[in-house]
Amino acid sequence: MKTITPVSIWHNGSVFSANQFVLYCVDNNLLDSATFCYRLQSDGVPVDEGNLSMGGSTYTSMNTNSDSNNYTWLWAASQLNLTIIGG
């Protein structure tokens, strides 16, 4: 889980300030694509979730990066227009 700059999320008729970002891999064919599930939380309460697909040169870059974990977090945050705070 990563802390993010809070973003407003409409969930079940209310607006929540999501401040946590959860990301995990749900499929990786170990060749040219991976799918990640993400969840945005407001102080531990899930308020949004979905999937992100990575492929092509982005997948290749992830696999050749010296810190593929950090690369993936930053890539996913950029796809969702999120800013990760700290490490």
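Please treat every number below as a calculation from the coordinates, not as lab data. All values derive from a computational prediction rather than experimental measurement. Cβ: placed from backbone, ideal geometry, glycine included. Neighbour counts: every protein chain shown.
Residue-level analysis places PHE36 among those that are surrounded by 14 or more Cβ atoms within 10 Å (Cβ to Cβ), at negative phi, hydrophobic (A, V, I, L, M, F, W, C) and touching a Cys at 6+ places or on another chain (Cβ under 9 Å).
Just to check your reading of the model, which residue among ILE9, ILE4 is surrounded by 14 or more Cβ atoms within 10 Å (Cβ to Cβ), in contact (Cβ under 8 Å) with a residue 24 or more places away in the chain and within 15 Å of ILE85 (Cα to Cα)?
After ruling out the rest, the residue left standing is ILE4.
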